[in-house]
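**Student:** Before I ask anything, here is the structure I am working with.
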Amino acid sequence: MKFVILKAFRVVSILVVALLVNIPICLALENSPNIIDSLRSELPYIGSDTNKVWMLRDVAYYFQSTDSDSAIVYANRAYQLAKTLDFTQGIIWSLYQKGLGYELSGLLDEALEIYLYAIDLAIEVGDDLSRAKYYNIIGVAHYFEGNFIESTDYYTRAYALSDSIGYAEGESHALNNLGVIFRKQRRYDKALEIYYKSLLLKLDEKDTSGLIISHYNIGLCYSYLNDYERSLHHLEQAKELSSQIMESAWDASHIDIAIGVALYHLEDFENAEIFLKSGIDQSNSRGSSEFASALAYLGAIQVKQGDKTIGLQNIEMAHDLATQIGQPILLRDVLKERAHALELVGDYESAVSNWKAYTELNSELLSESGNWALEEMKARFDLKDKEITIALQNLHIEQETEKKNRYLISGIFSLLLFFISVVFLYFFWQQKRQLQKEVSLKEDALEENELLLREMHHRTKNNLQLLNSLLNLQVRKSPNTEVKEAIQSSMDSVGAISILHHRLYQSGDFRTVDLKPYIEDMVKHFEGAFGLKERGISISCNCESVSIETDNAIPLGLIINELITNAIKHAFSGKTNGEIKIELSLTDTDKLQLKVMDNGNGMPKQSVNSNGKGSHLIRIFSQKYGATLNYIPLSPGTMVFLEMPYQKQLWRA
């Protein structure tokens, strides 16, 4: 009976390991025959590819709980096919099912040989994830054989490797497994340390199922330490989290039973009875240690409440189960409650007998706990001693080898370093010299170009001034009014271009023009040329600092010149004062907007479509740059609104 129960625990552990190797566990193991039949019926129709490898592996998995021999057969078929396909992952995880079949058949040595071969394959292909999973698997195998030293060693390897590759789930599994070992050894403080680490990992992963298990394990440890208030706190958290999950491989009855036990020891017998009965009703396994514990404490409560017959029957059932399961701690606790109950019913002779059995078993457990600690300490000492011996041997070999090769390597390295340094310095010197020569030539050429360009703009400005003087002389001599107006308009345009070249000469940047100071210079020119202050006309400029290429600035300057000149000449006829405003801005949609506004007499409709030189010039330049030109009546006055695309060659200053 004890072997059957241990094998059942081992089969249940398949569910946990299945999480590690990505086998779905949503279907319960009791449905395995139906699943097996379904998978086997599909196998003949599946090609010999990687999908068939995984299907054969799954058939082996579902056979594990009922027929280990068939599991081995199908796992071997999956392994052979994966080997033919050179499918490494298929080989590695088919080997796991094959090894598990041997393990459940009681052939641990054969199983471990297969597991270690799978680890060698994982190392060969650099698959650290599979290696970390296998370390956990081997640890579980040693645990169920009672070899806690080897089990701890492999769980520790699994944790270290999982941590190094960022595999949080593997870390958590390894920690929980280590916690189980420490709990079995009654080293509850160490187990708590491990479980809290696992809890933090599950919090980071937001793994609700993992949090339930961690809180449950922590609650059990505090219970074993007789700290029932802390135990109850963590068990209630596990209970609350389990209520948020509709389906889970976790047996929720365990939590209710553990809460009932904690409440019992806190002497809240009424609520303890409720939780113990709930756990018994929900239990999926009537032969588990949790079920036996629930019967014992429920029976103790019933005896305290006066229902002695049923209470003693439940305690006796718990005692029989504990004896069959073979868990010393469970049997000790049942003996204690049995002794208390017998005292309450007045059977003092039987009570003394149970107290004696309880005392003897408790002493054995305490002694065993100490032996485990000594055994682990000795194992660690032996391992450390071997490591030191190997390290000393390796050190001696390394020292001998180093002594033979040190001077040779040092000489070769020094010679090579010297040669590389000489070559590097030579090439560096050559490149530096060539670079200096090229930079010098480019600087000379650039300086010459700058001088030529500056001279060109200076001469252009002087020529424009000369041209302006000649035009001015012609205006004075000409008796024809229309000719005078035409020449004056040309003079204004020449003046606008002259201001631009003056601005370029002053700035030293001949490629671009900042429109804000350029327009401000034009405003000053108009104030002096037309005597605006004497006429009571004010002109103001509110412009953003926007730079454009010189070739685009000249047409835009001529447009502004025409618009301002028209406003000065025609907007204020018959008026003694007036105001002209110029605004330039760049919109978020990359549009350059120009507004010229006056508060004069307004612009007649026939003047909008005039064919005069100025209007014709404005329309030509507007069309060239894709601009939109609008004459908008104001009250009083007129606003000319020009909007043009701000092209790629333009940019905000």
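**Student:** How large are Rg and Dmax for the stretch 64-135 when only the alpha carbon atoms are used, in Å?
**Tutor:** 11.7, 35
**Student:** Using a 1.4 angstrom probe and counting only protein chains, how large is the accessible area of R332 in Å², to 10?
**Tutor:** About 50 Å², rounded to the nearest 10.
**Student:** Moving on to the next point. Could you compute how fast the stretch 26-113 diffuses translationally, taking Rh as the Kirkwood radius over C-alpha pairs and applying Stokes-Einstein at 10 °C with viscosity 1.306 mPa s? Give it in µm² per second.
**Tutor:** The diffusion coefficient I find is 124 µm²/s.
**Student:** Say the cut-off is 30 Å between C-alpha atoms; which of K184/K336; K277/K336; K239/K336; K533/K595; K437/K516 go over it?
**Tutor:** From K184/K336; K277/K336; K239/K336; K533/K595; K437/K516, over 30 Å: K437/K516.
**Student:** For the pair E534/D189, report the inter-label distance in nm, with labels modelled 7 Å from Cα in the Cβ direction.
**Tutor:** Result: 10.7 nm between the two label points.
**Student:** Using a Debye calculation, one point per C-alpha and no hydration shell, please list log10 I(q)/I(0) for the stretch 127-171 at q = 0.14, 0.15, 0.16, 0.26 Å⁻¹ in order.
**Tutor:** Values, matching the q order: -0.27, -0.31, -0.35, -0.78.
**Student:** So how much slack lies between Y224 and E544, counting 0.36 nm per residue of separation and subtracting their Cα-Cα distance, in nm?
**Tutor:** My answer for the length gained is 107.2 nm.
**Student:** Pop the C-beta distance of N480 and F418 into the FRET formula with R0 = 56 Å and round what comes out to the nearest 0.05.
**Tutor:** 0.05
**Student:** Could you provide, to the nearest whole Å², the per residue accessible area of the stretch 142-286 with probe 1.4 Å?
**Tutor:** Accessible area per residue, the stretch 142-286: 47 Å².
**Student:** Assuming 0.36 nm per residue, please report the length gained on full extension of the stretch I123 to L266 beyond their Cα-Cα distance.
**Tutor:** Result: 46.3 nm gained on full extension.
**Student:** Additional query: Sort W54, W93 by accessible area with a 1.4 Å probe, largest first.
**Tutor:** From most accessible down to least: W54, W93.
**Student:** What figure, in Å² to the nearest 10, do you get for the accessible area of F418 with a 1.4 Å probe and non-protein molecules left out?
**Tutor:** Accessible area, nearest 10 Å²: 130 Å².
**Student:** For the stretch 222-349, how big is Rg over Rh, using alpha carbon atoms and the Kirkwood form of Rh?
**Tutor:** 0.97
**Student:** Where q = 0.22, 0.24 Å⁻¹, what log10 of I(q)/I(0) comes from the Debye formula for the stretch 96-188, counting one point per Cα?
**Tutor:** -1.07, -1.20
**Student:** Now for a different question. Can you give the extra length, in nm with one decimal, that the chain gains between S367 and S209 once fully stretched, where that is 0.36 nm per residue apart less the Cα-Cα distance?
**Tutor:** Gain on stretching S367 to S209: 53.3 nm.
**Student:** In nanometres, what is the gap between the two model label sites at S353 and Y625, each 7 Å from Cα along Cα-to-Cβ?
**Tutor:** Rounded to a tenth, the inter-label distance reads 11.5 nm.
**Student:** Give me the accessible area of C541, 1.4 Å probe, in Å² rounded to the nearest 10.
**Tutor:** 40
**Student:** Please list R511, R40 in order of solvent-accessible area, largest first, computed with a 1.4 Å probe with all protein chains present.
**Tutor:** From most accessible down to least: R511, R40.
The values are calculated or read from the model by the stated rules, or taken from the named source; none is laboratory data. A quick note: this is a predicted structure, and the numbers were derived from the prediction, not measured. Methodologically, a virtual Cβ is constructed for each residue, glycine included, from the backbone with ideal geometry; neighbour enumeration extends over all protein chains shown. All accessible areas refer to the heavy atoms of the entire protein, side chains included, with ligands and DNA or RNA removed. Shrake-Rupley method; radii C 1.70, N 1.55, O 1.52, S 1.80 Å.
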